[in-house]
Amino acid sequence: MLEAVIAERTAPAPEASAWREFWDAYSQSRGALIGLALVIALILLAALKSLPREPFEAAQIDASGRWRTFTHITLPMLRPDFYPLDRSGDVFTWDPV
């Protein structure tokens, strides 16, 4: 009788095991997502460093604000660098059946 009570109290609840499976899968994918975020950050930082200074100097002379400079100069010049990053996101959403 006592063994049955102990076994009943120590057995995990069904929803707890489902939660545990989810958490294990999340923990395994979390490292990959952090790694992908770091790679994306490095690529974008390198792309920002490679932009020419002349358009930014011209925008400053024209009294363009920071937001206008970002939206009209920085983002269009970074557009070619966003495409491979967008495609890399597709790799992680593709689920072979």
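Derivation of every value follows stated rules applied to the coordinates shown; laboratory data play no part. What you see is a predicted model; the values in this text were computed from it and never measured. Cβ coordinates were reconstructed from backbone atoms using ideal geometry, including for glycine residues, and neighbour counts include every protein chain displayed.
Evaluate E = 1/(1 + (r/R0)^6) for Ile34 and Leu85, where r is the Cβ-Cβ distance and R0 equals 25 Å; express this FRET efficiency to the nearest 0.05. E(calc), rounded to 0.05, equals 0.95. Between Leu42 and Ser64, the FRET efficiency estimated from the beta carbon spacing at R0 = 22 angstrom works out to 0.20.
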